[in-house]
C-alpha cells in the first residue's frame, strides 16, 4: 500500500502575525543555551526576547521573507543580503530591548558578523516548529519552500544554529557544516551553508515534506 502524503499549507507572514510569531519563537528560546548565556534570568529572558523578536520579525515581514503554517505550528524567518533599501537594525534598536544584557548581545553579533559573507546570500534567521507538531515534516517543508526561491537566482543560504541536533538536521537537508564558533566563556554555535543551486524556472515555489528546528 502506498503511504498517504500529507500536504502542508505554508503562507507568507503578515504584519498582523508579528506578535504571535514572536511569542512562538520566544517560547522556543526558553531552554536555548545561547539565549540562557545572553540573559540568565528566565523571566527577564522572556521579556527581552519578546520585544526583540517582535522588532526583528516585523523587519523581516517588510524587508525579508517570513513563511508559516496558518495555525502557527511552525515558522521560518529569512533575511536577504544585501537588503536593498531596508533600514538596518542598529545598536539603538538592540539596546531598547536588551538593556543590561546589551554587552553580551554585542559579543554575539560580533561573532556572527565575523562569519557572515559580504557576497549576496540569504540568511536563515529563525526556523522553529512547535513541540506538539514535530515529526510531521514541517521544518523541511518550510526550508523547501524558500530553497525554491533562492534556487531561482542561484544564491547560497547561511545560518548559525545553537545545537548539534539542529546542525545535524540541516546537514540532512543539504547544508554544509563549518567549524564551530565560540562565545567568550559561553556555548558553541554551528555555522552552516547551503550552496547556491540554480534551478530552471518552472513556476512559483511550493512547499514539500520534512522535520525540525534552528535559530540565527
Could you please find all residues in region 106-133 being part of a helix (DSSP H, G or I) and within 23 Å of residue 179 (Cβ to Cβ)? 106, 107, 108, 109, 110, 111, 112, 113, 114, 115
Out of (1) modelled with pLDDT of 95 or more; (2) under 15 Å from residue 121 (Cβ atoms), what's the single condition that is false for residue 171? (2)
Failed criterion for residue 145 (all others in (1) modelled with pLDDT of 95 or more; (2) touching a strand residue (DSSP E or B) at 6+ places or on another chain (Cβ under 7 Å) hold): (1)
If we keep just the residues of region 174-198 that are under 22 Å from residue 83 (Cα atoms) and modelled with pLDDT of 95 or more, which is surrounded by the fewest Cβ atoms within 10 Å (Cβ to Cβ)? 193
The residue from 136, 148 that alone is within 23 Å of residue 171 (Cα to Cα), assigned to a helix (DSSP H, G or I) and more than 14 Å from the chain's Cα centre (by Cα) is 148
Output for Cβ contacts, cut-off 9 Å, separation at least six or different chains, first residue free of Cβ contacts under 8 Å to residues at least 24 places away in the same chain and at negative phi in region 48-61, second surrounded by fewer than 19 Cβ atoms within 10 Å (Cβ to Cβ) and in a helix (DSSP H, G or I), reads none
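The values are calculated or read from the model by the stated rules, or taken from the named source; none is laboratory data. Computed from a prediction, not measured in an experiment: that's the story for all the values here. Every residue, glycine among them, receives a Cβ derived from its backbone with ideal geometry; neighbour counts consider all protein chains shown.
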